[in-house]
Structure formats: C-alpha cells, structure tokens
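What follows is a set of notes on a single structure, which appears directly below.
The values are calculated or read from the model by the stated rules, or taken from the named source; none is laboratory data. All of these numbers come straight from a predicted model, not from anything done at the bench. So basically every Cβ, Gly included, is an ideal-geometry build from the backbone, and we count neighbours across all protein chains shown. Surface accessibility is based on the protein's heavy atoms, side chains included, excluding ligands, DNA and RNA. Shrake-Rupley method; radii C 1.70, N 1.55, O 1.52, S 1.80 Å.
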Amino acid sequence: MATGQLFSRTTQALFYNYKQLPIQRMLDFDFLCGRETPSVAGVINPGAEGFQKLFFGQEEIAIPVHSTIEAACAAHPTADVFINFASFRSAAASSLAALKQPTIRVVAIIAEGVPESDTKQLIAYARANNKVVIGPATVGGIQAGAFKIGDTAGTIDNIIACKLYRPGSVGFVSKSGGMSNELYNTIARVTDGIYEGIAIGGDVFPGSTLSDHVLRFNNIPQVKMMVVLGELGGRDEYSLVEALKQGKVTKPVVAWVSGTCARLFKSEVQFGHAGAKSGGEMESAQAKNQALKDAGAVVPTSYEALEVAIKETFEKLVEEGKITPVKEVKPPQIPEDLNSAIKSGKVRAPTHIISTISDDRGEEPCYAGVPMSSIVEQGYGVGDVISLLWFKRSLPRYCTHFIEICIMLCADHGPCVSGAHNTIVTARAGKDLVSSLVSGLLTIGPRFGGAIDDAARYFKDAYDRGLTPYEFVESMKKKGIRVPGIGHRIKRGDNRDKRVELLQRFARTHFPSVKYMEYAVQVETYTLSKANNLVLNVDGAIGSLFLDLLAGSGMFTKQEIDEIVEIGYLNGLFVLARSIGLIGHTFDQKRLKQPLYRHPWEDVLYTK
C-alpha cells in the first residue's frame, strides 16, 4: 500500500445510501476549511434519482442522486472516494462494485458486522488493484483543512476545538473511531495538530492496517511525527514493529496499545470491537507495547502518560528545527441551522400554518384534543369524528347521529344527476379514481347540491327577522332570487321526497327544538299554493334542520352559528356524502369495463 497522501482540498466523494447528517457535516467541514467546491459530488441511492438539498455554508445546493454506482461514477469521474453507509448485509457487495470502478481509489466502509470472508475478498481485490479500503466498522478519516469522511471527528464544535480546520504536523492512526476523537483533542492540546487521521476500524480483518498508514505517513513530507493507538487482540501492531526494526519508518512514532487492564480479569475478555479480544500472550496489550518500545517507538508507561509523550516528542522536533509550528488561523463561522437556532432560543421564526383541529406530534394523533385511542375505545362514529374535526367539540349523540343520517341519505342519487354523470363519463375515459371523483365534485354548486348553505342562510335570516312565509317568498321574488331549498324536478306535493320525511321524523323525535324546520315547512305550504313542484327538497330540509341542531344543542353562540353558515360547513356535508357515491360510480364503471362514452346524435338538437 505505502504510497502517500490519500486526500486533498480538491478530493470529492460519492456517498452511498443517503444520510443527511453525515453529508451535511462533511459540507460544513468543507466550508470551515475554505474549500471552493463541496467534497460530496453525488449520492447513490439504489432505485432513486434526482437531487438532495443541503447547505454549503450560507448557500443551499442541490447534490445529484444516482440510482447505481456505475451511473454515479460516470457522472462524476473526478470523485475518487467512495463512502459506504450501506448496512452490513449489502456493504460488501456495494464496496466491491465501487472498487471495480476505474475512477474509485479509496473505499470507506462504515458498517459493522460485515462477514469476514467478504472483507478478505475486498482486501485481496484492493491490494491487487492498488486501491485502499478503510474499515469495515470505521468512522472514517480526515485530512485537516482538506477533507473528511462522514461523521469523522464529530460535531463542528469538536472539529474547531481540535483545530482540524487547518493542517498540523502529526499523522494519527487508530483502530477506534471514538478514541480517535479523544486523541485529536489530546494532540491539538500539545502539538500544532493533526495533518491526517485514520480510524481503520475494529473488525478482526481491517481493510488497511495500522502499519499501512504509518508507512504512508512516512512518505508525506508535511507529517513530521506519528501517533498510533492500537488495542489488544490480533497481531496488526507487529507489522508496525517489523517496519520499525527494518528502518522503513524514519519519523518518530508515539504508540500505545489499549487493553492492559485485561490481565486483571480471570477469564478472557471481549472488549467493544470484534478484534479486541486477546488470543494469547502475544496479542496482549502489554506484549505489543513492549515490542513497539523495543523496536524504537515512544511508548509511555500508561494511557494517562500518552499526552506527555506526544508533547515531549513534538517539542523535541521543534527544538531540532524539524517542525515549524503552524500559524493559527481563525476559521469562519458556520451558519447555524434554523431549527437548532430556534431550539436554543437564539432566534424567533413565524410559523406558516395554524391548525386547531388535530395534532400528530405526540404518541398518537388527536382530533380536537381527543386521542385516537379514546375515539376507538369509546366507539365514536363518523358523525363524532366530523363533530371533532369540523366543529372542534363533541356534540351530543343525537347530533352526530343526524350527521350520519345526512351522509347516508345524500351519498348518491342515481347515475343521471350531473355529478354522477360527469364521474361516469370521466371513469369511462380511462381516468383514475381521483380525476373521476373530482370531475363529479366540480358540478356541485348553486344548481346542484350546493343549496344547503343558501337555504340555511335565507331561512335563518327570514325567521330571525320575523318575516311571514308570504313576506319571505314575495321579497325573494322581487329580488329575482329563487328560494333555496324549495323546488324539485321530479317530486311533487303529492309525492314528497322520502329523504325529507325521514329527516323531519328524526328531528321531531330527538331535537329539543325544530323552529327553523317548522318555518321551512310553512314556507313550503305557501309555495305549494303556487306550484305543485315547489316542495321542500333535501337541501332545504338539511339546511333548516342544521340550524335547529346548532341552536338547539346549546353548544354554539349566535356568532358561531352565523360563521358556520357563512363559511360553507353545510355544503361540506353534501360534498363529503356525495363523494361516497361518486367513488362508487367510478368503481362500478371500471368493474363493468365500460367503453369511452359518446353522447348519441339523436339526443342533440343541431341548430343554426
């Protein structure tokens, strides 16, 4: 492996399996370092394409999303690092696919638990093709002031504290990602900081070893000393011992192998990493530390003494003139995300939507403050749900039962009415359910099904002003306005609408008061004296009875009743009910496989 520097200020990566936070951290690090181009060139999400919006400093950017590794590599030929956030189940296959791409030079595998046989295959392929694998089970790596992989070094605050926004003189390699963060901080306190840091991962077979990276650091002129943090288990550290003995490493190495406490236990101990398990005396932390020390590395007496050893080694190099400490620079301020700024109380931001009828933020949705579990457990019906979502209160059972009756009675009125006809024609044209439904709903208005609100509005105004049926009807006539809720194309005085009779019977039995309905009946008596088809229709019955429901329940103020009528609540009831029938007609036509509808010529009057 050897060679030299892996990353630079122009290095770009392809990110496999989109994760918003690690990518945004990479982009924030780019901005902190003063990079001109984002380090993430593209994202690979199998089966998906498009863009993901993220921030590059103050600017919002769109990063391309590709469905395959091959497509991403073709679109971004200069991106030579592959950051793999796939699960352990697919990490090996996707990593091998990336290694086979001629443009990919480095692959970082984040997942833990990748089968060892798969890892061995990746290692063999990478070495045969002069490529580098970092991981599996790694947090990644970082070149200070240039490029970082995913979540390496943690938060921006930690990166700034560790001075990773600009290069130092120390090369660092560790098995542990968590301990890397600790050592970045330690090194920043007693030296001029990290030049490059790598966490090779804690699995038994890492894609690249401690010695691989030490030998590589030895070839990088800017790296003046190395710090190595190993751990008990395995024999990786001994390859570094051999390199030191053979004189392949010419720069000072400060090393420590963690796990010396293992001897305190009577039986073999498995530490956090899969590879952190002593398989004998040679794999113990004590044996490795002694071997490294004998080979010429600086090895302290304990982990606590590691910081002092690093400090003394660095200061000696400064005294010898081999290191000129890096001049400190002030990094730019990373713009804070709005959500975190709001959470910390730094800014106030207005909301864009107000909702008072439902809330889905807790463990379960609530309708007007009533939890979904209560709605189900207490046996609420559709009428109860409407009362919560439309009227923001639990209405008495007779009220919600009346609402349900209205929905049942208005659900459909045959295939010949305009709404159903439109829906049928649209469904037979091969359109989808929503298009067919909407085509029928769009016919609802002042001439079809939209008279409930107007009927309630005019009946209420006339009754509240004390107008007699004669005065009301004649005043409407003078204005040129037909009385809403009165009149039917088929029904007559001697053939009343059964739906109207059912509603009136229910209201007289259950409502505390039916004053508005009785007034509507008086108006009907007068209009029938003029023409036999001027009967109270279902719109007029529902409109007048809803006024009685609102007034008689004692749960609404006069102002609320006026607002309900004005907004259009009652027509909403017809829209909701008739949607059931229109959906039924759509399904009916599709089930019958009816062909495209064409209106017959003989039913059209062609005239000039």
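The table below gives the values:
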item	result
Sites residue 495 and residue 468, calculated FRET efficiency, Cβ-Cβ separation with R0 30 Å, nearest 0.05	0.65
The chain - mean residue ellipticity at 222 nm from DSSP helices (-39,500 (n - 2.57) per run, n ≥ 4, rounded to 500)	-13000 deg cm²/dmol
Scattering profile of region 52-114 at q = 0.13, 0.19, 0.21, 0.25 Å⁻¹ [log10 I(q)/I(0), Debye over alpha-carbon scatterers]	-0.41, -0.78, -0.90, -1.06
Descending semi-axes in Å of the chain, equivalent ellipsoid built from Cα gyration tensor	79, 27, 22
Relative pair counts by distance (%), Cα atoms of region 300-340, 5 Å bins	5, 17, 12, 12, 12, 11, 10, 9, 8, 2, 0
Nearest-20 debye value, the chain charge dipole, Cβ charges on Lys, Arg, Asp, Glu	1300
Karplus 3J(HN,Hα) series, Hz, for region 509-520 with 6.51 cos²θ - 1.76 cosθ + 1.60 (x for Gly, Pro)	7, 10, 7, x, 8, 10, 5, 6, 5, 4, 5, 4
Rg/Rg_globular for region 97-156, with Rg_globular taken as 2.2 N^0.38 Å and Rg from C-alpha atoms	1.21
By accessible area with a 1.4 Å probe, ligands and nucleic acids excluded, highest first: order of 596, 534, 122	596, 534, 122
Solvent-accessible surface ranking, highest first, for 105, 499 at 1.4 angstrom	105, 499
Stretch gain in nm, segment residue 441-residue 117, where the contour uses 0.36 nm per residue and the Cα spacing is subtracted	110.4 nm
Normalised alpha carbon radius of gyration of region 1-118 [divisor 2.2 N^0.38 Å]	1.04
Order of exposure, largest accessible area first, which applies to 372, 408, 517 with probe 1.4 Å	408, 372, 517
Listed peptides 182-191, 161-170 by packing density, highest first (mean Cβ within 10 Å)	161-170, 182-191
Computed Kirkwood radius, in angstrom, where 1/r is averaged over Cα pairs of region 452-608	17.6
Solvent-accessible area of residue 103 with every protein chain in place, 1.4 Å probe, in Å² to the nearest 10	40
For region 399-508, convex hull of alpha carbons as volume per residue, Å³	142
Debye log10 I(q)/I(0) for region 105-237, one point scatterer per Cα, at q = 0.12, 0.23 Å⁻¹	-0.42, -1.43
Taking all pairs of distinct alpha-carbon atoms in region 535-608, Kirkwood radius in angstrom	16.3
Between region 151-188 and region 566-608, the alpha-carbon center distance in angstrom	68
Span from the region 49-67 Cα centroid across to the region 317-366 one, whole angstrom	19
Extended-chain gain in nm, criterion 0.36 nm per residue less alpha-carbon gap, residue 18 and residue 508	170.1 nm
Estimated translational D of region 359-398 in µm²/s (Stokes, Kirkwood radius over Cα pairs; 25 °C; 0.890 mPa s)	240
Stretchable slack from residue 246 to residue 359, in nm (0.36 nm times residue separation minus alpha-carbon distance)	33.8 nm
